[in-house]
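A short write-up of the structure that comes next.
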Amino acid sequence: MTTFQRPLPEARGLGMTSQRARDRLVERLAAKGIADRRVLDVLRQLPRHLFVDEALATRAYEDDALPIGQGQTISQPYIVARMTELVLEHGRPRRVLEVGTGSGYQCAVLASLVEQVCTVERIEELLRTARRRFRKLGLANIRSRHDDGRLGWPDQAPFDAIIVTAAGTDLEEALLTQLAPTGVLVAPVGPSGLQRLVRVRAGEDGWIREMIAEVSFVPLLGGVG
C-alpha cells in the first residue's frame, strides 16, 4: 500500500475539478451502493482530472466513462470502485495484476490500497502517458509492461488478484493459471451488449464464477500497438 503525493497546484483542481467535486462524486457512489470506506477514501483523494485530456477535465468527476484516445476509455468511477471493492472483499491482496492500463486511473486506485500492482498495456502511447502520471503522483509500487495483456505477466505470477479492464468473449486461461490458489479474478466477459462482470475464485471442483452485474467495456484485444 502506498500514499500518493499530490503535486501542486494541478492536483488540487479548481471549480469542476476541485475537492468539492470529488466529495460529491463519492457521495453519489456511496448512494449507489459502494460501501468500502477504503475505496471511497481513495476516490475522494485521487485527482481523476489528471487522468483525462485537459479538454475533458471538467467532466472528470461525473460518474461516466470518458474517451482517452486510441479507441479506449477511462472507466466510469462506479465501475472502478465496484471492481476494486470486489477484489478487497475477502481480504486485502498483496500483489495485483491489472490487464489494460489505459489511462492509469484504475491502477492508481489499486496502488493506493495494495502492496504492489503489475499492469500490462498493449498500446504503447497509453502506457507512456500512464507512467508519467504515476511518477507525478509518486506511485512507486507500480510495475508496468508493454505487452499483450491476455498473456498476463507470467514472470511475476502468482497474483493474489487479477483485474481485467476490457471484455473478452470468455476468461483467458493464461490469466487463470497466474492466479494464486486463494486469489480472485474480476473481469467483464461477453460480446458487446451482453457483457457481465464476473468474479472468479478457486473451488474444490474447479473455478467458481459469480455474476455481478451487466456492464459495458471496450473489447479485450490481442497483440501490441
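The values are calculated or read from the model by the stated rules, or taken from the named source; none is laboratory data. Quick caveat: nothing in here was measured; it's all calculated off a predicted structure. Every residue, glycine as well, gets a Cβ built from its backbone with ideal geometry; the counts of neighbours run over all protein chains shown.
Some points to look at:
For every residue, the table says whether it meets (1) among the hydroxyl-bearing types (Ser, Thr, Tyr); (2) touching a helix residue (DSSP H, G or I) at 6+ places or on another chain (Cβ under 7 Å); (3) at pLDDT 95 or above.
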residue	(1), (2), (3)
Ala65	no, no, yes
Gln76	no, no, yes
Glu89	no, no, no
Pro93	no, yes, yes
Ser103	yes, yes, yes
Gln106	no, yes, yes
Val109	no, yes, yes
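- Within the stretch 79-134, being among the basic types (Lys, Arg) and assigned to a helix (DSSP H, G or I) holds for Arg82, Arg128, Arg131, Arg132, Arg133.
- Residues satisfying the stated conditions in the stretch 141-185, i.e. among the small types (Gly, Ala, Ser) and buried (at least 17 other Cβ atoms within 10 Å of the Cβ): Ser144, Gly149, Gly152, Ala157, Ala161, Ala166, Ala167, Gly168, Gly183
- Note on the stretch 51-63: residues that are in contact (Cβ under 8 Å) with a residue 40 or more places away in the chain and touching a helix residue (DSSP H, G or I) at 6+ places or on another chain (Cβ under 6 Å) total 5.
- When the stretch 115-140 is filtered for residues that are crowded, with 17+ Cβ neighbours inside 10 Å, of a type outside the set (D, E, K, R) and either within 15 Å of the chain's Cα centre (by Cα) or modelled with pLDDT under 95 (or both), the ones remaining, listed by number, are Gln116, Val117, Cys118, Thr119, Val120, Leu126, Leu127, Ala130, Phe134, Leu137, Leu139.
- Comparison of Glu115, Glu172, Glu125 shows that the only residue that is touching a helix residue (DSSP H, G or I) at 6+ places or on another chain (Cβ under 9 Å), of a type outside the set (Gly, Ala, Ser) and in contact (Cβ under 8 Å) with a residue 12 or more places away in the chain is Glu172.
- Within the stretch 58-70, the residues that satisfy the criterion of being out of contact with any strand residue (DSSP E or B) (no Cβ under 8 Å at 6 or more places or on another chain) and either over 19 Å from Arg131 (Cα atoms) or not small (Gly, Ala, Ser) (or both) are Thr58, Tyr61, Glu62, Asp63, Asp64, Gln70.
- Picking from residues in the stretch 3-46 that are of a type in the set (Val, Ile, Thr) and either in a helix (DSSP H, G or I) or on the phi > 0 side of the Ramachandran plot (or both), the one that is modelled with the lowest pLDDT is Thr17.
- In the stretch 170-225, the residues that are among the hydroxyl-bearing types (Ser, Thr, Tyr) and more than 18 Å from the chain's Cα centre (by Cα): Thr177, Thr182, Ser192
- Counted residues, the stretch 187-202 - those being in contact (Cβ under 8 Å) with a residue 24 or more places away in the chain, outside any loop (DSSP other than H, G, I, E, B) and within 13 Å of Ile79 (Cβ to Cβ): 3
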